[in-house]
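Comments concern the structure below.
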Amino acid sequence: MISEKTSQRCSEAQLVAHLSALPTGRHLVALAGPPASGKSTMANAIVEKLNANRDDRAAVIPMDGFHYDDQILEARGHRSRKGAPHTFDVGGLQHMLIRLKQRDEKEVAIPVFDRDIEIARAGAAIVSQQVDIVVVEGNYLLLNEEPWSCLHNMFDLTVSIHVAEAVLRKRLTKRWEGYQLNGDQIYAKLEENDLPNGRLVLENSIVADFTIDSSG
């Protein structure tokens, strides 16, 4: 890492406590980590706890909603690398974050990726103007390369999830087994896409404000 900044290690409960104590106002939080690090599960759990006393205190924004469609990836020869940094509409994500940061609209519709059909569904969720804390979760939110680096100054707080590669391998294998892929297909997914993407996230992301270990 180029930065001399150090990251504060914390637990999920400590992060929830920190977010709960934030002053009133719109706060954008980046929750980043490699594939199968538990980002979605953690983001949803955090938001559920923050909303325990007020339904509209927090909301989740999944980065995966900005996947390019398979039609575009096929035309560009990138279908086999779906999920890699260059297969996302980073500009679209940036403009959505700007809208959320400005907080001058009654509601903002967001796209959500449907893993079962491998398609991002437009306008599949709503973030209301009343929401104070927006937890944006995704692999590359803190990636230290263009065009992803344009997102960094959008976030008021950054969190990195760290997971050992052996744990990632086990989780990813289980994920793809759930989609009835055979051994060769799973090997290709892991070695040619998922694990290289995970190493990129772990080795080439900026230092986050907080780090949570999710290897257990």
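The values are calculated or read from the model by the stated rules, or taken from the named source; none is laboratory data. As the structure is a computational prediction, the values presented were derived from the model and not from experiment. Cβ: placed from backbone, ideal geometry, glycine included. Neighbour counts: every protein chain shown. Only protein heavy atoms, including side chains, enter the accessible area calculation; ligands, DNA and RNA are left aside. Shrake-Rupley method; radii C 1.70, N 1.55, O 1.52, S 1.80 Å.
Mean sequence separation of contacting Cα pairs (under 8 Å, at least six apart), scaled by the length of the chain, corresponds to a relative contact order of 36 percent. Summing Lys and Arg as +1 and Asp and Glu as -1 over all other residues whose Cβ lies under 15 Å from the Cβ of L50 gives a net charge of -3. Computed over the alpha-carbon atoms, the range 33-130 gives an Rg to Rh ratio of 1.00, Rh here being the Kirkwood radius from the mean inverse distance.
When the alpha carbon gyration tensor of the chain is reduced to an equivalent ellipsoid, its three semi-axes come out at 27, 21, 17 angstrom, largest first.
Based on alpha-carbon centroids, what's the gap between the range 127-160 and the range 180-211 in Å, whole number please? Computed from Cα coordinates, the inter-centre distance equals 20 Å. Of I119, I46, the residue with the largest accessible area leads and the full order is I119, I46 (1.4 Å probe). Remark on the range 129-216: ratio of C-alpha radius of gyration to 2.2 N^0.38 Å is 1.27. Helical content of the chain, expressed as a calculated mean residue ellipticity at 222 nm, amounts to -9500 deg cm²/dmol (DSSP H runs of 4 or more residues, -39,500 (n - 2.57) each, divided by residue number, nearest 500). Its Cα gyration tensor gives the range 1-58 an equivalent ellipsoid; the semi-axes, largest first and in whole Å, are 22, 16, 11. Under 17 Å of direct C-alpha separation, and excluding same-chain neighbours fewer than eight residues apart, K82 reaches these lysines: K189.
Rounded to whole numbers, the Karplus 3J(HN,Hα) couplings from phi for the range 58-67 are 9, 8, 9, 10, x, 4, 4, x, 9, 4 Hz, using 6.51 cos²θ - 1.76 cosθ + 1.60 with θ = phi - 60°, and x at Gly and Pro.
Within straight-line reach of K49, meaning a Cα separation under 18 Å, sit the following aspartates and glutamates at least 8 residues removed in sequence or on another chain: E12, D132, E137.
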